[in-house]
1. Can you find, within segment 1-37, the residue that is farthest from VAL184 (Cα to Cα) among those that are hydrophobic (A, V, I, L, M, F, W, C) and in a loop (DSSP other than H, G, I, E, B)?
2. PHE115 passes all but one of (1) among the hydrophobic types (A, V, I, L, M, F, W, C); (2) touching a residue at least 40 places away in the same chain (Cβ under 8 Å); (3) crowded, with 20+ Cβ neighbours inside 10 Å; which number fails?
3. Out of the residues in segment 134-175 that are among the charged types (D, E, K, R) and more than 26 Å from LYS2 (Cα to Cα), state the one that is surrounded by the most Cβ atoms within 10 Å (Cβ to Cβ).
4. For segment 38-66, how many residues are free of Cβ contacts under 8 Å to residues at least 40 places away in the same chain, in a loop (DSSP other than H, G, I, E, B), closer than 21 Å to CYS96 by Cβ and not hydrophobic (A, V, I, L, M, F, W, C)?
5. With the structure loaded, tell me whether ASN77 is of a type outside the set (Val, Ile, Thr), farther than 28 Å from VAL156 by Cα and either in contact (Cβ under 8 Å) with a residue 24 or more places away in the chain or touching a strand residue (DSSP E or B) at 6+ places or on another chain (Cβ under 7 Å) (or both) or whether it fails that test.
6. Hey, among the residues in segment 118-132 that are out of contact with any Lys or Arg (no Cβ under 9 Å at 6 or more places or on another chain) and buried (at least 20 other Cβ atoms within 10 Å of the Cβ), which one's nearest to PHE14 (Cα to Cα)?
7. Evaluate the following for SER145: is it without any contact (Cβ under 8 Å) to a residue 24 or more places away in the chain and either within 18 Å of the chain's Cα centre (by Cα) or farther than 16 Å from ILE213 by Cβ (or both)?
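Rule-based calculations on the coordinates, nothing more; no lab input. The structure displayed is predicted, hence computed values, not measured ones. Virtual Cβ from ideal backbone geometry, glycine too; neighbours counted across all protein chains shown.
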Amino acid sequence: MKFEDIDFIKYKFFDNKFNVGFDRLDTNEVVIQHRKSIAKYFDVEYDNMVIPNQVHSNNSVFIDRKTDVKGDALITNKKGLLIGVHTADCVPILVCDVEKKYIAAIHAGWRGAVFGIIENTIEKMQQLGCNKIYCKIGPCIHKESYPVGNDVASLVEKKYVTHGHLDILMYIFDKLNILRVKDVSILNIDTYTDTNYFSYRRDGRLGVQFSGIVLL
């Protein structure tokens, strides 16, 4: 089974047609309209859409209703509650347990990935009884586009850094496999080179795209 074969969820990695970040170039009114359009795509009410206040942390939060959340991953088993994260080079990861029917959305920049956002989310799901977890990694910056300084390179194993470029995609892929995820699928899109996606490294604070998932 692959992530796209799971029939009780709806998910999507959106491109830059819908900026969902309030602190970017669009007005708040435009951002709200973008978010409402996304909710409509998922056939949910706008009031049932939750995006956390992302702070590049390792904080993963279980929710069962619309609420304000400070952290970088959401977990739920509530049907009709649309959860998601926004990114512009960082790694969006959508997660589903096919037996217990829990879902999660993870925002993983290098800080979150290094300091445990992936482990905290998957292990929390496992503590909830999830043992058949599938993941889908969305559009993010790729190694060829991602030079980093020694301060960042020194935090990961040497095999993930080549000529000063960090392979954050493979770093996260390996973490998920170590955590005994059943299958990890990758949407092979480099946000830096593909201008259909926002890229902080390329464009600065122009916008952020949404990646979301809902239980049907």
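1. Result: LEU25.
2. Evaluating PHE115 over (1) among the hydrophobic types (A, V, I, L, M, F, W, C); (2) touching a residue at least 40 places away in the same chain (Cβ under 8 Å); (3) crowded, with 20+ Cβ neighbours inside 10 Å leaves (3) as the failure.
3. Checking each candidate, the answer is GLU144.
4. 4
5. Judged against the criteria, ASN77 is a match.
6. Among those that are out of contact with any Lys or Arg (no Cβ under 9 Å at 6 or more places or on another chain) and buried (at least 20 other Cβ atoms within 10 Å of the Cβ), it is THR121.
7. Judged against the criteria, SER145 is not a match.
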